[in-house]
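Following: one structure in structure tokens, then a few remarks.
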Amino acid sequence: MQFFVDTADTEAISELAGMGVLDGVTTNPTLVHKSGKDPKSVIGEICSIVGELPVSAEVFSTECEAMVEEGKDLAGIADNVVVKVPLTWDGLKACKRLRANDIRVNVTLCFSANQALIAAKAGATYISPFIGRLDDLGLEGMELIRDIREIYDNYGFSTEILAASIRSPLHVSQAAIAGADVATIPPEVIRKLVDHPLTDKGLAAFLSDAAKIGK
Ligand code: E4P
């Protein structure tokens, strides 16, 4: 499974890129706002940090024509920009148009299997089902990943399933078991993937025994 980081924090992105564990980056207007930087310049900065890895940059418009223009503009920032559009009627029309211009598209804010199906038919490069926000409503977000996987496999759609709104390490492993192609994960959750109390306990014991033999 590919690991994308879900942030516009360039320091966090640089650290992860340097570790070689990163396959891409996703942003959204909320994350860009949090960065405190100008939207286009922060996307440019992220693109230059990660080289050729895909960087999703979301449009701010909601009407098809405006989304297409904004998408083309974002795609002009760097070759690795993937334009993110919302899963709306206009968003799907814009997706089709941008794909016809050879621009990769991430269709975001997906909450149902039928939405994922129609996005694949519109040529989406990635579909972003939001697991955590479904869990927040008392639903089982992961069920959606399983359903989309089955539907895409039934019909041979090449749209990649990008598990989004990931809130915990459990979400990551469950999305991998469910067959998501990508998980986009906040930096603090990526860090938690490494932590295990038994690792800390084992290391403390090894270090204490090493000290006993003068090391
Ligand atoms: C996906 O691309 C979104 O940026 C993100 O995963 C949303 O997550 P949230 O529900 O934690 O805001």
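The values are calculated or read from the model by the stated rules, or taken from the named source; none is laboratory data. For clarity, every value in this text was computed on a predicted model and none was experimentally measured. When we count neighbours, we look across all protein chains shown, and the Cβ atoms used for this are built from the backbone with ideal geometry, even at glycine. What goes into the accessible areas is simple: the full protein's heavy atoms, side chains included, and nothing from ligands, DNA or RNA. Shrake-Rupley method; radii C 1.70, N 1.55, O 1.52, S 1.80 Å.
Here are a few things to note about the model shown:
- Residue tally, condition within 13 Å of the ligand (Cβ to nearest atom) and closer than 19 Å to Phe3 by Cα, over segment 126-144: 8
- Of the candidates Arg133, Arg191, Arg167, the single residue that is open to solvent by 80 Å² or more (accessible area, probe 1.4 Å), in a helix (DSSP H, G or I) and touching a helix residue (DSSP H, G or I) at 6+ places or on another chain (Cβ under 9 Å) is Arg133.
- Reported count of residues in segment 181-206, each being under 19 Å from Ser168 (Cα atoms) and of a type in the set (Gly, Ala, Ser), is 1.
- Among all positions in segment 76-87, there is at least one residue which is at pLDDT 95 or above, open to solvent by 30 Å² or more (accessible area, probe 1.4 Å), hydrophobic (A, V, I, L, M, F, W, C) and not in a strand (DSSP E or B).
- Annotation note: Cβ proximity below 6 Å between a residue of segment 10-24 that is in a helix (DSSP H, G or I) and a residue that is of a type outside the set (A, V, I, L, M) (sequence gap 6+ or interchain) occurs for Thr10/Glu45; Ala12/Pro187.
- Residue match in segment 108-120 (condition: open to solvent by 50 Å² or more (accessible area, probe 1.4 Å) and within 19 Å of Arg167 (Cβ to Cβ)): yes
Results for (1) surrounded by 22 or more Cβ atoms within 10 Å (Cβ to Cβ); (2) within 12 Å of the ligand (Cβ to nearest atom); (3) more than 19 Å from Asp181 (Cα to Cα), shown as yes or no for each residue.
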site: Pro29; (1), (2), (3): no, yes, yes
site: Ser56; (1), (2), (3): yes, yes, no
site: Glu63; (1), (2), (3): no, no, yes
site: Met67; (1), (2), (3): yes, no, yes
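- Filtered residue count, segment 102-124, keeping only those that are part of a loop (DSSP other than H, G, I, E, B) and either touching a Ser or Thr at 6+ places or on another chain (Cβ under 7 Å) or more than 13 Å from Thr159 (Cβ to Cβ) (or both): 6
- Lone unmet requirement of (1) hydrophobic (A, V, I, L, M, F, W, C); (2) crowded, with 16+ Cβ neighbours inside 10 Å; (3) out of contact with any Lys or Arg (no Cβ under 9 Å at 6 or more places or on another chain); (4) under 30 Å from Arg149 (Cα atoms) for Ile49: (4)
- Lone unmet requirement of (1) of a type in the set (A, V, I, L, M); (2) within 17 Å of the chain's Cα centre (by Cα); (3) closer than 24 Å to Tyr155 by Cβ for Val50: (3)
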